[in-house]
1. If a paramagnetic tag sat 7 Å from the Cα of residue 108 along the Cα-Cβ line, which residues of region 1-38 would have the backbone N under 19 Å from that point?
2. Between residue 59 and residue 33, take the C-beta separation as r, use R0 = 35 Å, and let me know the FRET efficiency to the nearest 0.05.
3. May I ask you to derive the FRET efficiency for residue 3 and residue 66 from their Cβ-Cβ distance with R0 = 25 Å, giving the value to the nearest 0.05?
4. What's log10 of I(q)/I(0) for region 14-106 at q = 0.15, 0.20 Å⁻¹, Debye sum over Cα points only, no solvent?
5. So for the pair residue 79, residue 93, with labels modelled 7 Å out along Cα→Cβ, what separation do we get in nm?
6. Obtain the nm distance between the two label points defined at residue 15 and residue 86 by a simple spin-label model: each point lies 7 Å from its Cα along the Cα-to-C-beta direction.
7. Determine the relative contact order of region 2-125: mean sequence separation of Cα pairs under 8 Å and six or more apart, normalised by residue count, in whole percent.
C-alpha cells in the first residue's frame with residue numbers, strides 16, 4: 001500500500017496541474033491516464049490488504065477505499081485538471097485523512113509506514129534550493 005500511495009501522490013494534480021519528473025506540466029490526457037492507473041492500483045492494493053489489519057485500521061482503509069472509488073468516477077468524467085480538482089478535493093482530503101489515521105495506527109510495525117513518503121509530494125516544492133555548506 002505504501003508504494004501505491006507514493007505512486008498516487010506523484011500522479012496527483014495540485015490545483016489542477018500535474019507535473020512530470022522534471023517539473024513540467026502534463027497535458028490533461030496524460031494526467032488523467034496517470035490518475036486512472038494509480039487510483040486503480042491503490043484501490044486494488046487496499047482491497048487485497050485490508051483484511052490483514054485489525055478492525056480500527058480496516059475502518060480507516062474502508063473510508064479511504066470509498067473515497068478512492070468516488071474519485072475514480074470523477075477522474076473519468078473530468079474535462080481537465082482544474083475540473084478534477086474541483087470535483088475531487090473534498091474526497092481527496094477525506095481519503096488522505098483516513099489513510100493517514102490508518103498509517104498512524106500501523107506505525108512502524110511493518111518496517112515501513114503505510115502512508116506515502118513526503119518526498120513524493122509536489123516535486124519542485126519538496127527539493128532544497130539552499131547551497132550545501
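1. So the set is 2-3.
2. Numbers: r = 32 Å, r/R0 = 0.90.
With a Förster radius of 35 Å, E is 0.65.
3. The pair residue 3/residue 66 has a calculated efficiency of 0.75.
4. Relative scattering, expressed as log10 I(q)/I(0), comes to -0.60, -0.94.
5. Label-label distance for residue 79 and residue 93, simple model: 2.4 nm.
6. If labels sit at residue 15 and residue 86, their model points lie 1.7 nm apart.
7. On the way: 142 pairs, mean separation 44.8, N = 124.
Rounded, it is 36 percent for region 2-125.
Laboratory data are not the source of any read-out in this text; all were calculated from the coordinates shown. Note that the structure is predicted; figures quoted are calculated from it, not measured. Methodologically, a virtual Cβ is constructed for each residue, glycine included, from the backbone with ideal geometry; neighbour enumeration extends over all protein chains shown.
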